[in-house]
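The values are calculated or read from the model by the stated rules, or taken from the named source; none is laboratory data. None of the values given here were measured: they were computed from a predicted structure. When we count neighbours, we look across all protein chains shown, and the Cβ atoms used for this are built from the backbone with ideal geometry, even at glycine.
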Amino acid sequence: MDKISALMDGELEEYNARSALASLKSQAELREQWVSFHVIGDVLRQDAEVSVDFSKQFSDWLAKEPTVLAPARRTTATPRRLALSAAASVAAVAMVGWLALSENPLRQPDTLSQPGNLASASPARNAPSLEFETSSAVNDYLLAHQEFSPSTAIQGVAPYVRTVSESR
Amino acid sequence: MRKLPDGKVSNGKAPIGRLLTQPTLHMTSIRFRFPVFLLLAVAVNTGYAQQAPEGLLWLQKIARSARELNYAGTFVYQHGSQVETSRITHFVDTSGEHEKLEALDGSPREIIRNNDQVMCYFPDAKMVKVDKRSASRTFPALLPEQMKSLADNYQIRIGNQNRIAGHDCRVVILEPKDKLRYGHRFCAATDSGLLLKAKMLNERNDVVEQFAFTQLTIGDEIGREMVESRFDAKSLGWRFDRTAAPEASTDTGWAVSSSPSGFRKIVEMKRTIPGKPGPVAHLVYSDGLAAVSIFIEPVPPNTQFQHGLSQQGAINIYTRRHTDNMVTVLGEAPAETVIQIGNSVAPSK
């Protein structure tokens, strides 16, 4: 899996890239991984148009690609592979761009600037450090809270991911 | 980036064959005739039937399918700059609902829900947290009073047809009527009603958090063994932190003097919480969709007490002191709402 993400980011040497591509070709699970890396970016960025077609097309493309038999010929990058790595890079860049854009602006809630809330304004600015220290104690509260949140009714157990979310 | 890397744009056809072959939802007809009837009664009585019945019915459909369908899929959860991938599996049989949530990134963590019991497995810490829900609180679907509350606090609109993870879906938009709650943008599978994507938006329309399936299978292939923990056997020697089932509504002696508009108290109880020495007062306020919990306990000894606001994902957490008590307020609501509730917590007598 690490290999696949490295391949997507264009970080693999030719030999490794070759073997990663060969693995992609032979292992359906890895292909799903590859596709999901791309689909994740797509799905989060927009509301539509991802992409069973991409998955299918990718499989078709792999099926047509001749199997690489060792020892590999020393060839320069084929146009096809260049296109592939370019696609991966574009996806990676787009992902990073999207992440940067969606940095949570709520971290400094501006609602606190209202006069009535002056008392709370200064602690709010200390939020990041507090967050770090309290997160494990808060998780127990979060777990207890989740049961009663109506969002749990419409999303099932998915919102519980908040309670085990890892701070990285 | 609507175009795929090779420039091809998806053609909008979904593999709905599989969806159509899902097993008959024999539980549906029995369990939900009653609430749907009530919903309609409420809709007629309160006069919002003209504005939003379709949106509300969609929400009802979403809640129902989340309970009754067998499905398994991978979803991404994004909050702030973090993205996490998880896998969810839901299975229903005669003994009820079974659900499994696995974190696919970082240290392996698992949440298993069997009806009203939730178990969180943390193999790194060799620990299991067990939360027993009060059986009566298990939501069958959105309750009628909740639906009314929803319609009072949100403008509910039906949006475009869309497609997520290969499934056609219908966009349902909940626009908040004020700044005290977040907006929501759902996309629910057109045929089954399963929620495929859920976005929470703040007043500037920035995404606060979102869930989205990247792969999803609905129907026959899901089996009981898929919702069992892989740590089941291993966890025998681990530490178990148990929460006793909270008693049904009790008077905690605490109240919120000025709850934000649209938020009503939905439950009040005393309960035990793992890691807390004594019982903790727990009150929950909700506007029909967002919920804010208030926890009150004596300030733990030897604790560096910190007053203030923090965040975890879309959850705002506000802590303050009231005499010798620590008041912690948290919920999926804007900071202003959480703070307002926190600041007006006081003994009820």
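Restrict the check to segment B:258-279 and report whether at least one residue is surrounded by fewer than 21 Cβ atoms within 10 Å (Cβ to Cβ), within 18 Å of residue B:148 (Cα to Cα) and charged (D, E, K, R).
Yes, because at least one residue in segment B:258-279 is surrounded by fewer than 21 Cβ atoms within 10 Å (Cβ to Cβ), within 18 Å of residue B:148 (Cα to Cα) and charged (D, E, K, R).
Contact list please: Cβ distance under 9 Å, first residue in segment B:169-190 and under 13 Å from residue B:208 (Cβ atoms), second residue part of a strand (DSSP E or B) and among the basic types (Lys, Arg), pairs at least six apart or on different chains.
From residues that are under 13 Å from residue B:208 (Cβ atoms), the pairs are B:183/B:199; B:184/B:199; B:185/B:197; B:185/B:199.
Does segment B:258-310 hold any residues that are among the hydroxyl-bearing types (Ser, Thr, Tyr) and in a loop (DSSP other than H, G, I, E, B), and which are they?
Hits for segment B:258-310 are B:258, B:259, B:261, B:272, B:303.
State which residue is surrounded by the most Cβ atoms within 10 Å (Cβ to Cβ) when the search covers only segment B:125-142 and only residues that are more than 7 Å from chain A (Cβ to nearest Cβ) and modelled with pLDDT under 70.
Filtering first and then ranking leaves B:134.
May I ask you to say which residue of B:229, B:249 is away from chain A (no Cβ under 11 Å), at negative phi and at pLDDT 90 or above?
B:229
For segment B:272-298: of the residues being among the hydroxyl-bearing types (Ser, Thr, Tyr) and free of Cβ contacts under 8 Å to residues at least 40 places away in the same chain, which is farthest from the other protein chains (Cβ to nearest Cβ)?
Ranking the qualifying residues of segment B:272-298, first place goes to B:272.
Considering only residues of segment B:306-327 that are surrounded by 24 or more Cβ atoms within 10 Å (Cβ to Cβ) and over 19 Å from residue B:82 (Cα atoms), which is farthest from the chain's Cα centre (by Cα)?
For segment B:306-327, the residue satisfying everything is B:309.
With segment B:157-231 as the region, which strands (runs of 3 or more DSSP E) entirely inside it contain at least 1 residues that are within 19 Å of residue B:99 (Cα to Cα) and in contact with a strand residue (DSSP E or B) (Cβ under 6 Å, 6 or more places away or on another chain)?
B:195-201, B:207-218
Has segment B:223-246 got any residue that is crowded, with 23+ Cβ neighbours inside 10 Å, under 17 Å from residue B:87 (Cβ atoms) and in contact with a helix residue (DSSP H, G or I) (Cβ under 6 Å, 6 or more places away or on another chain)?
Looking through segment B:223-246, none of the residues is crowded, with 23+ Cβ neighbours inside 10 Å, under 17 Å from residue B:87 (Cβ atoms) and in contact with a helix residue (DSSP H, G or I) (Cβ under 6 Å, 6 or more places away or on another chain).
Using beta carbons and a limit of 9 Å, which pairs, at least six apart or on different chains, have the first residue in segment B:50-79 and without any contact (Cβ under 8 Å) to a residue 40 or more places away in the chain and the second one surrounded by fewer than 20 Cβ atoms within 10 Å (Cβ to Cβ) and aliphatic (A, V, I, L, M)?
Cβ pairs passing all conditions: B:53/B:40; B:57/B:36.
Mind listing whichever residues of segment B:191-202 are closer than 20 Å to residue B:216 by Cβ and touching a residue at least 24 places away in the same chain (Cβ under 8 Å)?
Within segment B:191-202, B:191, B:192, B:193, B:194, B:195, B:196, B:197 meet the criteria.
Restricting to segment B:109-124, give me the number of residues that are surrounded by fewer than 15 Cβ atoms within 10 Å (Cβ to Cβ) and touching a residue at least 24 places away in the same chain (Cβ under 8 Å).
Residues in segment B:109-124 being surrounded by fewer than 15 Cβ atoms within 10 Å (Cβ to Cβ) and touching a residue at least 24 places away in the same chain (Cβ under 8 Å): 0 in total.
Restricting to segment B:54-85, name every residue that is among the polar types (S, T, N, Q) and at the interface with chain A (Cβ under 10 Å from one of its Cβ atoms).
Result: B:60, B:65, B:74, B:78, B:81, B:82, B:85.
For segment B:181-188, does any single residue satisfy the condition of being at pLDDT below 90 and in contact with a Cys (Cβ under 6 Å, 6 or more places away or on another chain)?
No, segment B:181-188 contains no residue that is at pLDDT below 90 and in contact with a Cys (Cβ under 6 Å, 6 or more places away or on another chain).
Can you find, within segment B:210-222, the residue that is surrounded by the most Cβ atoms within 10 Å (Cβ to Cβ) among those that are touching a Phe, Trp or Tyr at 6+ places or on another chain (Cβ under 7 Å) and more than 8 Å from every other protein chain (Cβ to nearest Cβ)?
Once the filter is applied, the top-ranked residue is B:218.
Consider only pairs whose beta carbons are under 7 Å apart and that are at least six residues apart or on different chains; among these, list those whose first residue lies in segment B:86-103 and is facing chain A (nearest Cβ under 9 Å) and crowded, with 19+ Cβ neighbours inside 10 Å and whose second residue is part of a loop (DSSP other than H, G, I, E, B) and of a type in the set (Val, Ile, Thr).
B:88/A:157; B:99/A:157; B:101/A:157; B:103/A:164
Go through segment B:310-339 and count every residue that is within 8 Å of chain A (Cβ to nearest Cβ), touching a residue at least 40 places away in the same chain (Cβ under 8 Å) and out of contact with any Asp or Glu (no Cβ under 9 Å at 6 or more places or on another chain).
Of the residues in that region, 2 qualify.
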